[in-house]
Each structure stands twice: as structure tokens, then as C-alpha cells.
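Taking it in order: structure first as C-alpha cells, then the write-up.
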Amino acid sequence: MIALDHFNHLPRSDAQQLVEPCVAIPAWAEAVVDQRPYADHAALMAFASQRAQEWGEAELHQALSAHPRIGERPTGEQAHAALSRQEQAAVNQQDASLAERLREGNARYEAQFGRVFLIRAKGRSGEEILEALTQRLTHSEEEEVKESLAQLREITLLRLAGAIGE
Ligand code: 2AL
């Protein structure tokens, strides 16, 4: 985590490297970097959130490349892989029944909506995630795009707040 004042003064490419793992939407990361300097942390978060409100279905598809399935913790060294592992820390990997139900749920979701099930995992247990997945299978496509984008915004802003402090 670096301080906002430090972020404000980083060379553009360094600032970009810091923000990129928050979400695989380059236009958003560029906008957040180019809006520097921020007067305070709240201004950073407000701008980042405002730009995230502009996302639609195209951005959702773009972003999913950096979000592995729930239950499939990435082993890679990339910054977003490490973040994803931390976010899924409360999903019990020793529970074989949970792992199987998540695998089945993910497969049903992907068959229905044609993309990976996305949820802000931080602070949620595996059972809570499974419950949300089951409920979301009852959604229409339109409701589900809206819900997935809301979850993507939460993940992104949590990652940003974890990367850049007060
Ligand atoms: C993720 C992820 O990588 N982090 C998170 O909160 N959720 N993935 C997902 N498919 O929902």
C-alpha cells in the first residue's frame, strides 16, 4: 500500500502499474491515473467510482479475463492473481463438498449466462457465495448484467483502496 501523496507524484507508468491490477479495463485505469493529483483519498475514490458507473456489458466482458472462477484460486504471480487469492481466503479449500457444489454452480451459471459468475468474494464464506449464486440463477440476463457490474465495481474499489492509502 502506498500513500496518496506518493501516488500523486509517481511517474505515469508506475502509477498505471499500481492501478491496473484493480480491474482489466485499461480505459478506467488510465482515467484514474490521468486525473491526478487528488486532493484527498475521498476525491480519488469518488472519481474512481464515478468512472466505474460508466461501465456496461462490453466492460464486463473485458474485466472477466482477470477474475478466475470462485473456488479456482489462481496460482500465477501476476498482481491480480495474488489479489484474487486473498479475496477468496474465506472459501474453505478443505471442504470437498463445497468445492463440488461451487464447481456445479459455476457450470450452471456459465451455461445460462455465457460468462463467469462474478461476486465480491472478500468477506464472504463459500456457503454465502453459493447461496448468492443459486439466487442469481433466477435472474434475467438484464438483471444479471446489472448485478455483475455492481459486484465488479465493489471488487475494483476495494482493490484500489487496498493499493492506495490515505
Ligand atoms: C473473484 C475474484 O477474483 N475476486 C473476487 O472478489 N471475486 N472472482 C469471481 N469469479 O467472482
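Exactly one of (1) farther than 30 Å from Leu102 by Cα; (2) in a helix (DSSP H, G or I); (3) without any contact (Cβ under 8 Å) to a residue 12 or more places away in the chain is unmet by Ala58. Its number?
Result: Ala58 passes all but (1).
For region 84-124, what are the residues that are closer than 21 Å to Leu64 by Cβ, open to solvent by 50 Å² or more (accessible area, probe 1.4 Å) and of a type in the set (Ser, Thr, Tyr)?
Selection gives nothing.
If I go through region 50-59 residue by residue, how many of them are surrounded by fewer than 19 Cβ atoms within 10 Å (Cβ to Cβ) and of a type in the set (A, V, I, L, M, F, W, C)?
Count: 1.
Which members of region 67-83 meet the condition of being open to solvent by 60 Å² or more (accessible area, probe 1.4 Å) and either under 19 Å from Ala163 (Cα atoms) or within 10 Å of the ligand (Cβ to nearest atom) (or both)?
Of the residues in region 67-83, the ones open to solvent by 60 Å² or more (accessible area, probe 1.4 Å) are 69, 72-73, 75, 77-78.
Passing the criteria: Arg69, Glu72, Arg73, Glu77, Gln78.
Checking the structure you have, find out if any residue of region 55-66 is within 16 Å of the ligand (Cβ to nearest atom) and on the phi > 0 side of the Ramachandran plot.
The first filter runs over region 55-66 and keeps only residues within 16 Å of the ligand (Cβ to nearest atom), leaving 55, 59-66.
Subset that is on the phi > 0 side of the Ramachandran plot: none.
No: region 55-66 contains no residue that is within 16 Å of the ligand (Cβ to nearest atom) and on the phi > 0 side of the Ramachandran plot.
Consider only pairs whose beta carbons are under 6 Å apart and that are at least six residues apart or on different chains; among these, list those whose first residue lies in region 7-25 and is over 18 Å from Gln62 (Cα atoms) and whose second residue is open to solvent by less than 30 Å² (accessible area, probe 1.4 Å) and modelled with pLDDT of 95 or more.
Filtered contacts from region 7-25: Phe7/Ile164; Ala15/Val33; Leu18/Ala163.
Of the residues in region 28-49, how many are in contact (Cβ under 8 Å) with a residue 24 or more places away in the chain and surrounded by fewer than 19 Cβ atoms within 10 Å (Cβ to Cβ)?
6
Name the helices (runs of 4 or more DSSP H) wholly within region 62-166 that hold at least 2 residues that are more than 26 Å from Arg36 (Cβ to Cβ) and in contact with a Pro (Cβ under 6 Å, 6 or more places away or on another chain)?
Answer list for region 62-166: 79-87.
I need every pair where a residue in region 82-105 that is under 17 Å from Cys22 (Cα atoms) has its Cβ under 8 Å from the Cβ of a residue that is among the charged types (D, E, K, R) and open to solvent by 80 Å² or more (accessible area, probe 1.4 Å), sequence separation at least 6 or different chains.
The qualifying pairs are Gln86/Lys122; Glu87/Lys122.
The values are calculated or read from the model by the stated rules, or taken from the named source; none is laboratory data. Just so you know, these numbers come straight off a predicted model, no measurement behind them. With ideal geometry, Cβ positions are generated from the backbone for all residues, glycine too; neighbour counts draw on all protein chains shown. Remember, those area values only see protein heavy atoms, side chains included, never the ligands or the DNA or RNA. Shrake-Rupley method; radii C 1.70, N 1.55, O 1.52, S 1.80 Å.
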